[in-house]
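What follows is a single structure, and I will ask about it in a moment.
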Amino acid sequence: MHDLTGKVALVTGAASGIGRAIAEAYARAGARVVVADIAVDRASEAAAAMGHGAVTLAMDVTDETQVDEGFARIGRELGPVDILVSNAGVQIISPLVDFPFADWKRMLAIHMDGAFLTSRAAMRQMIASGRGGSIILMGSAHSHVASKFKAPYVAAKHGLLGLARVIAKEGAKDNIRSNVICPGFVRTPLVEKQIPEQARELGISEDDVVRNVMLRDTVDGEFTTLTDIADTALFLAGFESNALTGQSLVVTHGWHIQ
Ligand code: NAD
């Protein structure tokens, strides 16, 4: 199930953090990996480090032309995409009453427009190839629970559940599966940046943010790891039946138990 030899896997936001760990796991499993990111220098460095023929793709997931042209280039050079991980994301924290509208729109563009545009492009290739494929959207514990100061993030991550369910229904006849991975807190640059920001907003120490905000509701006070999420993404990529579609897998050390 974990042999991805002969598959083309495109991972967005793969220059850093969770996306990079997933891309590395897919490359080790034999896939031709496309390291897609807006940060092209870091993406090239990541692709070179992972080897196994991984290639870099400069792509802003909010830009329809860049997404469609990027998929077309990959289709020509490597063949149609079999696995998409729509993972690119950012975090902006502010009380809702102070949230600038421009930041709200940017968050929804990256998380929602990005997931829609890349899923649409991937589905078109998966249908045309006749091979189907696996579409994995990077949700969050915040696809199921809410936290203060994260209005657009929580709204967008909840929205991804709906998108994955529609892809599951429309994609089934072409053997396209779609699922959402919902990680708890993983120590990536996205989270490291939040710790001092939350400490400021809440008027508590950074240590308290980690213990009493981020990890308070886990079963063991532990962060989720990059390996936990990469293993989940490997499992979903290799699971080739419609038995597992339209679902969300919550990987949070019990922070949210469905
Ligand atoms: P990260 O900051 O380490 O990596 C995010 C990557 O996305 C970066 O390489 C960045 O350049 C890229 N990116 C940002 N905007 C982009 C755009 N418009 N187009 C293309 N690429 C873009 O963050 P991470 O923690 O690895 O987060 C990855 C995903 O996992 C996000 O969707 C995030 O919401 C989700 N997530 C993270 C955590 C966590 O605790 N780290 C928990 C749950 C969900």
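Only the coordinates and a few stated rules stand behind these numbers; no lab work does. Given the structure is predicted, the values throughout are model-derived calculations rather than measurements. So basically every Cβ, Gly included, is an ideal-geometry build from the backbone, and we count neighbours across all protein chains shown.
Determine, for V145, V251, the number of other Cβ atoms within 10 Å of each Cβ, and report the residues in order from fewest to most.
Exposure proxy ranking, most exposed first: V145, V251.
Pop out the ³J(HN,Hα) list for the range 110-115 in order, Karplus 6.51 cos²θ - 1.76 cosθ + 1.60 with θ = phi - 60°, rounded to Hz; leave Gly and Pro as x.
My calculation for the range 110-115 gives 5, 7, 8, 4, x, 5 Hz in order.
Same structure, new question: Among Y153, Y26, rank each residue by its count of other Cβ atoms within 10 Å, from fewest to most, as a rough exposure measure.
Sorted ascending by nearby Cβ count, the order is Y153, Y26.
Check which residues have an amide H placed less than 5 Å from G30's amide H, if you skip close sequence neighbours.
It is L4, by chain and number.
Where is the GNM fluctuation largest for the chain (alpha-carbon springs, 10 angstrom cutoff): L244, L117, L57?
Looking only at L244, L117, L57, the biggest GNM fluctuation is shown by L244.
Under a 5 Å amide H to amide H cut-off, with H placed in plane at 1.01 Å, what residues pair with V11 once short-range neighbours are removed?
V34, A36, V85
Would you mind calculating the gained length between K193 and D68 on full extension (0.36 nm times residue separation, minus the Cα-Cα distance), in nm to one decimal?
Going from the current span to full extension adds 41.9 nm.
Now a separate question. Long-range amide H contacts for T56: which residues qualify at under 5 Å (H placed 1.01 Å from N, peptide plane, sequence gap of 5 or more or a different chain)?
V35
Based on alpha-carbon atoms only, what is the radius of gyration of the range 160-206 relative to the globular estimate 2.2 N^0.38 Å?
1.87
Tell me, how many Å apart are the Cα centres for the range 74-142 and for the range 174-231?
Between the Cα centres of the range 74-142 and the range 174-231 lies a distance of 20 Å.
Mean-square fluctuation check for the chain, GNM, Cα pairs under 10 Å: which of L96, L190, L163 is largest?
Of L96, L190, L163, the Gaussian network model singles out L96 as fluctuating most.
I would also like to ask the following. Could you list H2, H144 so that the one with the fewest beta carbons within 10 Å of its beta carbon is first and the one with the most is last?
In order of increasing Cβ crowding within 10 Å: H2, H144.
Output ³J(HN,Hα) for the range 61-66: one whole-Hz value per residue in order, computed from phi by the Karplus curve 6.51 cos²θ - 1.76 cosθ + 1.60 with θ = phi - 60°, and x for Gly and Pro.
In residue order, the calculated couplings are 5, 8, 9, 4, 5, 4 Hz.
Additional query: Helix 151-171 sits at what angle to the longest principal axis of the chain, using alpha carbons and giving 0 to 90 degrees rounded to 10?
Taking Cα atoms only, the helix is inclined about 30 degrees.
Something else about it: Starting at the first residue of the range 222-236, write each ³J(HN,Hα) from the Karplus equation 6.51 cos²θ - 1.76 cosθ + 1.60 with θ = phi - 60°, in whole Hz, x for Gly and Pro.
Result, rounded to whole Hz: 10, 5, 6, 10, 4, 5, 4, 6, 4, 5, 5, 5, 5, 4, 5.
Would you mind telling me which residue in I127, I176, I229 has the biggest mean-square fluctuation in a Gaussian network model of the chain, where springs connect alpha carbons within a distance under 10 angstrom?
In the Gaussian network model the winner is I127.
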